[in-house]
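The values are calculated or read from the model by the stated rules, or taken from the named source; none is laboratory data. This structure is a prediction, so every number in the text was calculated from the model and none was measured. Please note: Cβ atoms are built from the backbone with ideal geometry, for glycine as well, and neighbour counts cover all protein chains shown. Just so you know, the surface numbers come from the protein's heavy atoms only, side chains and all, with ligands and any DNA or RNA stripped out. Shrake-Rupley method; radii C 1.70, N 1.55, O 1.52, S 1.80 Å.
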Amino acid sequence: MDGDFRRDFVREPAALRQHPALVLNADYRPLSYYPLSLWPWQEAIKAVWLNRVDIVAEYDHWVRSPSTEIRIPSVVVLKDYVKPQKRVAFTRFNLFLRDEFACQYCGAKGDLTFDHVVPRASGGITSWENVVAACAPCNLRKGSKSLRHAGMSLRKPPRPPSAEELRNMGRRFPPNHLHESWLDFLYWDAELEA
């Protein structure tokens, strides 16, 4: 038997890697917008077989086994409603999302880090109310000084975001690829064109 047969058989076809499924909650809203709730095609098909989801839309590609064939799902909806989290985890990603991936001192969009408004050396704590996204030059310029001593000001005061605020903020940052079958479910409450 040729060695290439086993290698080709075990590996998934490259084209099928490009077919993620948008996962919707039972209310037909995405579980999350940023990052967008996507499953690899294998997980979507597994959930279909386990009767955990319904298929809403499909790709024009098929997956075949000796006994069955199924179109690859592009949108699936959970049969059971998953209650959204009320508490927002304090993570670097969520902090950047709250601050719209922009420096809170100058508005720059690149080279982001985070900064303690009241420096830790002065008793500042790591919390939603004291940490902001900052570009590296602003962070260096401020150092461990207070805003007044550094001659800097914040674009908006830091505060804890609600889960709904972060979900809505995430909708402003769509992923690089949006399949046409997803659009009706991602922006269903957007204003329609006349």
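In summary, the lysines within cross-link reach of Lys46, defined as a Cα separation below 23 angstrom excluding same-chain residues under 8 places away, comprise Lys79, Lys83. The stretch 127-167 and the stretch 26-62 have Cα centres spaced 37 Å apart.
Note on Tyr28 and Ser65: the model spin-label points, each 7 Å out from Cα along the C-beta direction, lie 3.1 nm apart.
Working ranking of peptides 105-113, 27-35 by packing, defined as the average number of other Cβ atoms within 10 Å per residue, highest first, is 27-35, 105-113.
The Rg/Rh ratio of the stretch 57-139, with both radii computed over alpha carbons and Rh defined as the Kirkwood radius, is 1.32. Using a 1.4 Å probe on the protein chains only, how many percent of the accessible area of the chain belongs to carbon and sulfur? Looking at the chain in its full context, I get 53 percent from C and S.
Dividing the Cα radius of gyration of the chain by 2.2 N^0.38 Å, with N the residue count, gives 1.38.
Helix-only mean residue ellipticity at 222 nm, the chain, DSSP H runs n ≥ 4 weighted -39,500 (n - 2.57), per residue, nearest 500. What is it?
-6000 deg cm²/dmol
Sorted on the mean count of surrounding Cβ atoms within 10 Å across their residues, most packed first, peptides 80-87, 166-173, 153-160 read 166-173, 153-160, 80-87.
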